[in-house]
Amino acid sequence: MNYIVLKQPNTKFFINKFFIFLIYVYQNIHIFPSSCKYIPTCSEYAKEAFKKYNFFKAFSLTLFRLIKCNPFSYGGFDPLK
């Protein structure tokens, strides 16, 4: 018997690409002035996370970074681990 195996599209990859696209659009709109205290900026950090990790880990890292980036933080160098 021959079976036809249908490959499912890699939804994790598609979701990550979609979020990277949204971040790219956000970075190029220039509605808000850049006010991130961290290096790399929060949007660059998020892009790196979505390129390196699966959706859930990248989303949680990005969310945690956005929570940390507030008027009361000192900022500084905080690369993706």
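Annotation: amide H of TYR38 within the under-5 Å range of GLY76, sequence separation 5 or more or interchain, hydrogens built in the peptide plane.
Charged neighbours of GLY75, selected by a Cβ distance under 13 Å, balance to +2 (K, R count +1; D, E count -1). Number of Lys-Lys pairs in the chain with C-alpha atoms under 15 Å apart and a separation of 8 or more places or on different chains: 14. All other residues whose Cβ lies under 15 angstrom from that of SER35 are scored, Lys and Arg at +1 and Asp and Glu at -1, for a net of +2.
Out of the stretch 14-81, which chymotrypsin sites (Phe, Trp or Tyr not before Pro) are coil in DSSP terms and have no more than 10 other C-beta atoms within 10 Å? Please report the intermediate quantities before stating the final value.
Details: sites: PHE14, PHE18, PHE19, PHE21, TYR24, TYR26, TYR38, TYR45, PHE50, TYR53, PHE55, PHE56, PHE59, PHE64, PHE72, TYR74, PHE77; in loops: TYR53, PHE72, TYR74.
Sites meeting the loop and neighbour criteria: PHE72, TYR74.
Model label sites at ILE31 and SER73, defined 7 Å from Cα along the beta-carbon direction, differ in position by 2.2 nm. Look at the dipole of the chain built from charges on Cβ: of ALA58, GLY75, VAL25, the Cα furthest out on the positive end belongs to ALA58.
Here, each number is a calculation from the coordinates, and none is a lab measurement. Every value quoted in this text rests on a predicted model; they were computed, and no experiment measured them. Ideal geometry is used to build each Cβ from the backbone, glycine not excepted, and the neighbour counts take in all protein chains shown.
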